[in-house]
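The values are calculated or read from the model by the stated rules, or taken from the named source; none is laboratory data. Every value quoted in this text rests on a predicted model; they were computed, and no experiment measured them. Cβ atoms come from the backbone with ideal geometry, glycine included; neighbour counts cover every protein chain shown. Only protein heavy atoms, including side chains, enter the accessible area calculation; ligands, DNA and RNA are left aside. Shrake-Rupley method; radii C 1.70, N 1.55, O 1.52, S 1.80 Å.
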Amino acid sequence: PAASVERLLLGQAAGVNVATNSGKPGQDIDISIRGMGSLGAGNAPLYVVDGFPLESADGLNPTEIESITILKDAASTAIYGARGSNGVILITTKSGKVGQTTISLDVASGVQNVPQARRINMMDAVQFGEFQKSSWIDRYIAANGSEPNENQVPEGIRHPENNTISTNWLDEILADNPLFSKYDLSIAAGNEKTQSLITVGYLKQDGVVIKTNFERFNVRAKVDNRITDHITIGLNASGSKTNERIIGDGTRHTPVGLSLWVDPREP
């Protein structure tokens with residue numbers, strides 16, 4: 001199930017490139033239309049939700065969407081000016097229907113994991129000890145021109161086969177089947193004069209790294225009232241709140257990066 005508008009577009013429209021830039025829960029997704037248009041000014045498209053221009057669609061629940069239209073050519077620039085130079089994504093949210101009263105609940109859940117085939121094959125304690133001993137011997141030969149005697153090898157690395165503690169730190173920091181849960185409740189009603197829709201959503205995604213997660217709460221109220229044949233007033237209000245518990249970006253100085261460097265002989 002899609003957790004964001006950008007993920008809905010993944011592989012669905014020609015000329016629209018959608019790429020993830022991290023593996024964190026609730027991850028940011030880069031989207032570009034017709035490729036890169038600028039080297040420094042950004043390539044994000046303009047979002048127009050129910051007629052309101054927005055810089056992003058963060059917080060918008062994909063379940064609330066009725067339709068998506070993508071403007072890719074010069075027409076987008078002509079209508080929205082410079083803001084539409086990277087393309088425009090037009091989003092129309094759902095509304096109440098005349099003569100219908102509906103209550104719907106959408107529930108999705110699942111698990112995530114990093115397959116063993118995608119994990120880095122790490123050294124165990126014996127292999128790491130042998131590597132450390134070989135490295136020391138290579139440095140000794142480079143400095144002295146001959147191989148050392150066994151007694152000259154430091155005692156701490158002399159017998160790697162005696163290492164009894166072996167920890168795969170990458171496996172230690174990865175969670176076992178973290179959960180993904182999504183709940184959406186909507187109530188819609190309508191008559192000849194007034195149509196209304198209220199949606200409430202909750203999403204929780206546990207990360208594949210232990211103790212990381214992402215939560216999003218969102219609510220939307222949409223009411224249209226026709227006063228006369230020529231005058232209609234409406235209310236379209238939405239709000240969202242997100243809670244994140246994530247690790248920083250980078251390589252060596254994050255738990256994932258450090259797990260590739262730490263000594264497997266440490267308990």
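Computed extension gain for GLN116 through SER166, at 0.36 nm per residue and net of the alpha carbon distance, reaches 16.2 nm.
Backbone phi angles across segment 117-134, fed through the Karplus curve with coefficients 6.51, -1.76 and 1.60 (θ = phi - 60°), yield HN-Hα couplings of 5, 9, 7, 6, 6, 9, 6, 8, 5, 5, 4, 5, x, 5, 5, 5, 5, 4 Hz in residue order; Gly and Pro are listed as x. Of the solvent-accessible surface of the chain, computed with a 1.4 Å probe over protein heavy atoms with every protein chain present, carbon and sulfur atoms account for 53 percent.
On a per residue basis, segment 122-207 carries 60 Å² of accessible surface, using protein heavy atoms and a 1.4 Å probe.
On a per residue basis, segment 216-267 carries 72 Å² of accessible surface, using protein heavy atoms and a 1.4 Å probe. With both labels modelled 7 Å from their Cα along Cα-to-Cβ, the SER181 to TYR140 distance reads 5.8 nm.
Taking 0.36 nm per residue of separation and subtracting the current Cα-Cα distance, fully stretching the chain between HIS253 and ASN151 would add 33.0 nm. Backbone amide hydrogens, once placed in the peptide plane, bring VAL209 within less than 5 Å of ALA175, excluding anything fewer than 5 places away on its chain. Given the pairs LYS182/LYS211; LYS211/LYS241; LYS182/LYS222, which span a C-alpha to C-alpha distance of over 31 angstrom in this model? Beyond 31 Å: nothing from the list. Couplings 3J(HN,Hα) for segment 202-208, derived from phi with the Karplus relation 6.51 cos²θ - 1.76 cosθ + 1.60 (θ = phi - 60°), are 9, 10, 9, 10, 7, x, 6 Hz, where x marks Gly and Pro.
Its DSSP H runs of at least 4 residues, each contributing -39,500 (n - 2.57), put the calculated 222 nm mean residue ellipticity of the chain at -4500 deg cm²/dmol, to the nearest 500. Accessible area of HIS159 (1.4 Å probe, protein heavy atoms only, ligands and nucleic acids ignored): about 90 Å².
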